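**Student:** Here you go, one structure.
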Amino acid sequence: MSTFTSLPVALQTVLLLIASNTFMTLAWYGHLKNLSSAPWFVAALVSWGIALFEYLLQVPANRIGHQQFSIGQLKIMQEVITLAVFVPFAVLYLKEPVKLDYLWAALCMMGAVYFIFRGG
């Protein structure tokens, strides 16, 4: 049996979502730095190629995660991970300035996590 499949469902889900979001962020925003002078359709084709890897990780993440989490919980988990991957990517790779707005967005996401996971 694979080491990955022996991990708890929640950890498998989070790891796959982190990897998926890394590809997604690169596909959606990487072309702004790497292909800024290329025609938009070239950037789109390259992005679609990268996004394939995102889907190859996202679909299993949701299938595995749905064993333990509701659809709403999976969606909020996805959004939190998206922000956690996007902010360092924007700041470190795209050289965007650090903004206090990222903190406010994260605090709003914490509220969403609370409400979707509170079990009410």
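**Student:** Determine which lysines satisfy two conditions relative to residue 33: a Cα distance under 20 Å, and not lying fewer than 8 residues away in the same chain.
**Tutor:** Result set, ordered by chain and number: 95, 99.
**Student:** If you don't mind, there's one more thing I want to ask. Using the membrane-span-like helix rule (whole DSSP H runs, Cα extent along the own axis of at least 18 Å, mean Kyte-Doolittle hydropathy at least 1.6), which helices of the chain qualify?
**Tutor:** 100-117
**Student:** Now, a different point. Starting with the highest mean, order 2-9, 68-75, 54-61, 19-26 by the number of other Cβ atoms within 10 Å, averaged over the residues of each peptide.
**Tutor:** Averaged packing, sorted descending, gives the order 19-26, 54-61, 68-75, 2-9.
**Student:** Quick one: length gained pulling residue 45 to residue 105 fully straight, 0.36 nm per residue minus the C-alpha distance?
**Tutor:** 18.5 nm
A short reminder: the numbers here are calculations on the coordinates, not readings from a lab. Because the structure is predicted, anything quoted here is derived from the model rather than measured. Because the Cβ atoms are built from the backbone with ideal geometry, glycine has one as well, and the counts that use them run over all protein chains shown.
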